[in-house]
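Visitor: Quick one: structure below, then a few questions.
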Amino acid sequence: MARKSKRGVSSVIGAAIAIAIFFTIIIPTWLYLQSLQATYTEEVGRRLQYEVERLNEKIEIHATLTAPDALGRRFLYLMIHNVGPLSANVPTIYVESTYKGLQGITSNLVLAPGEMVTKKIESVIVEPGEKVTVRAVTLRGNSFTALETNLGPNDLPYILLVTVTNMSQQYQYKIVVNVLPTGGGLRVGCVSPTSEEFAGGCRERASETIWPIGFTDKQRSVGFMVAPGAYSIKLYRYEWTGTGWGNEVQLESVYMNVTDDASVRLDASDSGALTIIPLRIYTYRPNSVWILSSHAYEEVLIPFTVSLGNNSVPVRDIRAKISVTSRDNVKPPHYIVDEVVIERLLPGESYSGYFVLEIKLENHHNDEGQITYDIWIDSAVREDTGETIDQSQMEQPSLVGLKLTFYIY
């Protein structure tokens, strides 16, 4: 009997020990392994997201110079455009110089998707004969190099080819290229003729005088070396007065942004001013858009872009508008933003904005409603003459018949 009781006690003690081991060792170990697994999964997800963001980060950089100031100093500027879908943080910019070696400059730039900024690189002055290459490093570990490598006052990266047509034997012609101020009065850019590299480097203005060589020669081409920036290209005509070339007449004037090799044609005949301005309005949305909402009303953003072509003059006070032309099961919309005024566009520039409408369904028992709307450029002003431009003088002034379908789920 004593032996049986001892065996029973041993079984109970063994079971108690087993339960104690289970609760004090196995379960904590299992919980620890689960936490390790969760931490590992979270870290893998975070690392994967980081790599995806790193791959999707994309910045386009142009390096350029200013013309020399009163003390002969040329400053280095960057035109940085975030062309990726994510915001980009640029804490440091590196400038590699043939004279001064590698310099690191703190920038602390934060760029939203689509944002473009022009930034002066503080404390960097580019001397004649010097060449610089600029790199920007982001917080995600990417490094982006400016498209203009080995940039210098005597080594400008791009060719601006100017072709003059319909020249006459009785006249002499002069092509003048000037750096234009951007939207804040900042003059960014530098120019020199290819036939006469300035001994001291590029300047704010460069010119070339040409004339027909033979009786059948009515066309000549002249090249200028330029850094990225905004430029005006003007053509002047002179006639012989008996003692010299005089009676200056301006024939044509073209304004353009240069970020690559570019060419422009100027007509030496008395053709007058531009009749059609390459001003366009467009949208990246398809012509028919569905919007899903859990409410019977919604504020809707309708994006648009206005662009000005290169072969143009600067344009200001551009008024973009929207109007709903028809609706089905939708109350008359409330326009929160129905007009956008763009202060100024240089040739080659574009502006992206949006209109805002508040849409409400008329019959809540019907889950679907639709509107048709038009967007257009109502007017603009030529900066050279102050003349108001109407739609007949614009290349693409409107988009009509765009549809938006509103659906409640």
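Visitor: I'd like the full set of residues that are surrounded by fewer than 18 Cβ atoms within 10 Å (Cβ to Cβ), farther than 26 Å from G84 by Cβ and either in contact (Cβ under 8 Å) with a residue 40 or more places away in the chain or basic (K, R) (or both), limited to region 114-126.
Guide: Hit for region 114-126 is I125, nothing else.
Visitor: Quick one: which strands (runs of 3 or more DSSP E) sit completely within region 307-394 and have at least 3 residues that are more than 28 Å from V162 (Cα to Cα) and either in contact with a Pro (Cβ under 8 Å, 6 or more places away or on another chain) or of a type in the set (D, E) (or both)?
Guide: Where strands (runs of 3 or more DSSP E) fall fully within region 307-394 and carry at least 3 residues being more than 28 Å from V162 (Cα to Cα) and either in contact with a Pro (Cβ under 8 Å, 6 or more places away or on another chain) or of a type in the set (D, E) (or both), they are 315-328, 350-360, 368-382.
Visitor: So which of P153, P212, P228, P157 ends up being in contact with a Lys or Arg (Cβ under 6 Å, 6 or more places away or on another chain) and either in contact (Cβ under 8 Å) with a residue 24 or more places away in the chain or farther than 30 Å from Y99 by Cβ (or both)?
Guide: Only one candidate qualifies: P153.
Visitor: Also: Can you go through S294, S263, S253, S221 and tell me which one is modelled with pLDDT under 85 and of a type in the set (S, T, Y)?
Guide: Sole residue among the options that is modelled with pLDDT under 85 and of a type in the set (S, T, Y): S294.
Visitor: Further question: Identify, please: which residue in region 226-250 is of a type in the set (G, A, S) and farther than 28 Å from Q391 by Cα and is, among those, modelled with the highest pLDDT? Break it down into steps so the answer makes sense when it comes.
Guide: Here is the first cut: in region 226-250, the ones of a type in the set (G, A, S) are 227, 229-230, 232, 242, 244, 246.
Next cut, farther than 28 Å from Q391 by Cα only: 227, 229, 242, 244, 246.
Values: A227: 94, G229: 91, G242: 75, G244: 84, G246: 87.
Result: A227.
Visitor: In region 48-69, how many residues are among the hydrophobic types (A, V, I, L, M, F, W, C), more than 22 Å from M225 (Cα to Cα) and more than 15 Å from the chain's Cα centre (by Cα)?
Guide: Adding up the residues that qualify gives 3.
Visitor: Follow-up. So, of the residues in region 93-103 that are surrounded by 12 or more Cβ atoms within 10 Å (Cβ to Cβ) and not hydroxyl-bearing (S, T, Y), which turns out to be farthest from I80 (Cα to Cα)?
Guide: K100
Visitor: Select from region 334-373 the residues that are within 18 Å of R319 (Cα to Cα) and more than 26 Å from the chain's Cα centre (by Cα) and list them in ascending order.
Guide: Of everything in region 334-373, those that are within 18 Å of R319 (Cα to Cα) and more than 26 Å from the chain's Cα centre (by Cα) turn out to be Y335, I336, L357, Y373.
Visitor: Let me ask you something else. For region 41-62, which residues satisfy the criterion of being surrounded by 15 or more Cβ atoms within 10 Å (Cβ to Cβ) and in a helix (DSSP H, G or I)?
Guide: Selection gives E53 alone.
Visitor: Of the conditions (1) under 17 Å from the mean Cα position of the chain (by Cα); (2) surrounded by 13 or more Cβ atoms within 10 Å (Cβ to Cβ); (3) at pLDDT below 90, G129 fails just one. Which one is it?
Guide: With respect to (1) under 17 Å from the mean Cα position of the chain (by Cα); (2) surrounded by 13 or more Cβ atoms within 10 Å (Cβ to Cβ); (3) at pLDDT below 90, G129 is out only on (1).
Visitor: Considering only region 355-378, how many residues are surrounded by 15 or more Cβ atoms within 10 Å (Cβ to Cβ) and of a type outside the set (A, V, I, L, M)?
Guide: 7
Visitor: For region 135-198, which fully contained strands (runs of 3 or more DSSP E) count at least 3 residues that are closer than 15 Å to V222 by Cβ?
Guide: 158-165, 171-179, 191-193
Visitor: Working only within region 101-118, note down all residues that are in a strand (DSSP E or B) and under 15 Å from the mean Cα position of the chain (by Cα).
Guide: Residues satisfying the conditions are V110, L111, M116, V117, T118.
Residue-by-condition table, conditions (1) within 32 Å of the chain's Cα centre (by Cα); (2) in a strand (DSSP E or B); (3) not charged (D, E, K, R):
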| position | (1), (2), (3) |
| --- | --- |
| S232 | yes, yes, yes |
| N247 | no, yes, yes |
| M256 | yes, yes, yes |
| D260 | yes, no, no |
| R265 | yes, yes, no |
| S269 | no, no, yes |
| Y284 | yes, no, yes |
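Visitor: Further, regarding this structure: Is one or more of the residues making up region 145-155 more than 21 Å from G201 (Cβ to Cβ) and modelled with pLDDT of 90 or more?
Guide: Yes, there is a match, as at least one residue in region 145-155 is more than 21 Å from G201 (Cβ to Cβ) and modelled with pLDDT of 90 or more.
Visitor: Which members of region 395-409 meet the condition of being surrounded by 13 or more Cβ atoms within 10 Å (Cβ to Cβ) and part of a strand (DSSP E or B)?
Guide: Here is the first cut: in region 395-409, the residues surrounded by 13 or more Cβ atoms within 10 Å (Cβ to Cβ) are 395-399, 402-408.
Selection gives E395, Q396, S398, L399, L402, K403, L404, T405, F406, Y407, I408.
Visitor: Something else now. Here are some conditions: (1) at pLDDT below 90; (2) on the phi > 0 side of the Ramachandran plot. D317 meets all but one. Which one does it not meet?
Guide: Tallying (1) at pLDDT below 90; (2) on the phi > 0 side of the Ramachandran plot, D317 fails exactly one: (1).
The values are calculated or read from the model by the stated rules, or taken from the named source; none is laboratory data. If you're wondering where the values come from, they're calculated on a predicted model, not measured in any experiment. Every residue, glycine among them, receives a Cβ derived from its backbone with ideal geometry; neighbour counts consider all protein chains shown.
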